[in-house]
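**Q** I am attaching a structure below and will ask some questions about it afterwards.
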Amino acid sequence: MWNTISDKLRNAEKIVFVTGAGISQESGIPTFRGKDGLWRKYDPMKLATIDAFYEDPKLVWEWYEERRQNILNASPNPGHLAIAELEKYKSISVLTQNIDGLHQRAGSSSVYELHGSIITIKCTVCDFKNKITSEFLQLPPLCKCGNILRPDVVWFGEALPQDVWESAMVQASTCDAMIVVGTSLAVSPANLLPVYAKQNGAIMIEVNMEQTHMSSSMDLSLRASAVKALPELVGIISHS
């Protein structure tokens, strides 16, 4: 079976990676739903909804600014770097639930940020939007128009950016192989991406330390960290 999967991976022209918090964990960025996940310590309804933001923008911003500085100080790990390396050999797209920008910093050129970016900041009223890496001197930060700025991330109850989601569906529907890394895909609509890939006859591989509800529908589930498994997979794929 492993030989068959190896051959299919080597022959795949287009590979799509779907990534979640697990791939960035070894860069020092906490996950949300794991046993030490952030949502076990914090109530998402008080920190990651638009209602919470308008109720106490300073509190929400304090939390996001701490996470933002943590992310800006983090570095891509061998998992991120392995995916970027694979672009030398295959057509690669990354559909990520992560908001940390580490795929781009690792060198991946085709990254679709399903849940937005914590580095990109936008105004709650006017059309200002920009990447800001400097620390904010006051919280909540204000736009030049005088209104409050917010991180350009998708909060609970908000829709995914439509253009990004439509592109992600196309990528998933046209790939020869899909590798799901560090995510249980418990969140809709991202959990539809493997369905689109399977409908196209793609080979399905999961890299996750724990079993997920998607494991049974995978051709191969690797119970290993992204840092360990992805460089090995890339080694197999690139020696075609």
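Computed from the coordinates by the stated procedures, all read-outs in this text should not be read as laboratory data. Everything quoted here is computed from the prediction, not taken from an experiment. With ideal geometry, Cβ positions are generated from the backbone for all residues, glycine too; neighbour counts draw on all protein chains shown.
**Q** I'd like to know which of Q199, F53, S110 lies farthest towards the positive end of the charge dipole of the chain, counting +1 on Cβ of Lys and Arg and -1 on Cβ of Asp and Glu.
**A** Farthest along the dipole direction, towards plus: S110.
**Q** How far is helix 2-11 tilted off the main Cα axis of the chain, in degrees rounded to 10, range 0 to 90?
**A** 70
**Q** Take the chain, mark every one of the trypsin sites (Lys or Arg not before Pro) that falls in a DSSP loop and has at most 12 other Cβ within 10 Å, then report the longest stretch left between them, sites excluded.
**A** Longest stretch, sites excluded: 36-143.
**Q** Report the relative contact order of the chain, percent, no decimals, based on alpha-carbon pairs under 8 angstrom and at least 6 residues apart.
**A** 25
**Q** Can you pull the semi-axes for region 120-170, root of five times each eigenvalue of the Cα gyration tensor, sorted largest first, whole Å?
**A** 25, 12, 10
**Q** At a Förster radius of 51 Å, what calculated FRET efficiency corresponds to the Cβ-Cβ distance of K88 and S215, to the nearest 0.05?
**A** Efficiency computed from Cβ-Cβ geometry: 0.95.
**Q** Between the alpha-carbon centers of region 156-185 and region 93-147, tell me the distance in whole angstrom.
**A** Spelled out, the Cα-based centre of one part sits 19 Å from the other.
**Q** Can I ask one more? Net charge near I92, counting Lys/Arg +1 and Asp/Glu -1 over other residues with Cβ under 14 Å of its Cβ?
**A** Here the charged neighbours net out to -1.
**Q** Note down the net charge around S238, summing +1 for each Lys or Arg and -1 for each Asp or Glu among other residues with Cβ under 13 Å from its Cβ.
**A** Overall, the nearby charge balance is 0.
**Q** First select every other residue whose beta carbon is under 10 angstrom from the beta carbon of P151; then total the charges, Lys and Arg +1, Asp and Glu -1.
**A** Its environment carries a net charge of +2.
**Q** Related question: Calculate one ³J(HN,Hα) per residue across region 81-90 by plugging θ = phi - 60° into the Karplus curve 6.51 cos²θ - 1.76 cosθ + 1.60, and present them in order as whole Hz with x for glycine and proline.
**A** After applying 6.51 cos²θ - 1.76 cosθ + 1.60, I find 5, 5, 4, 5, 4, 5, 4, 5, 10, 9 Hz.
**Q** In addition: For the chain, what value does the Rg/Rh ratio take when both radii are computed over Cα atoms and Rh is the Kirkwood radius, given to two decimals?
**A** 0.99
**Q** Starting from the amide H of L95, placed 1.01 Å from N in the peptide plane, find each other amide H under 5 Å away whose residue is 5 or more places distant or on another chain.
**A** Distant-sequence amide H within range of L95: F17, V18, T19, Y112.
**Q** For region 103-240, count the residues as N, evaluate 2.2 N^0.38 Å, and divide the Cα radius of gyration by that value, please.
**A** Expressed relative to 2.2 N^0.38 Å, the Cα Rg reads 1.28.
**Q** For K122, which lysines qualify as cross-link partners when the Cα separation must be under 24 Å and same-chain residues fewer than eight apart are set aside?
**A** K46, K58, K131, K144
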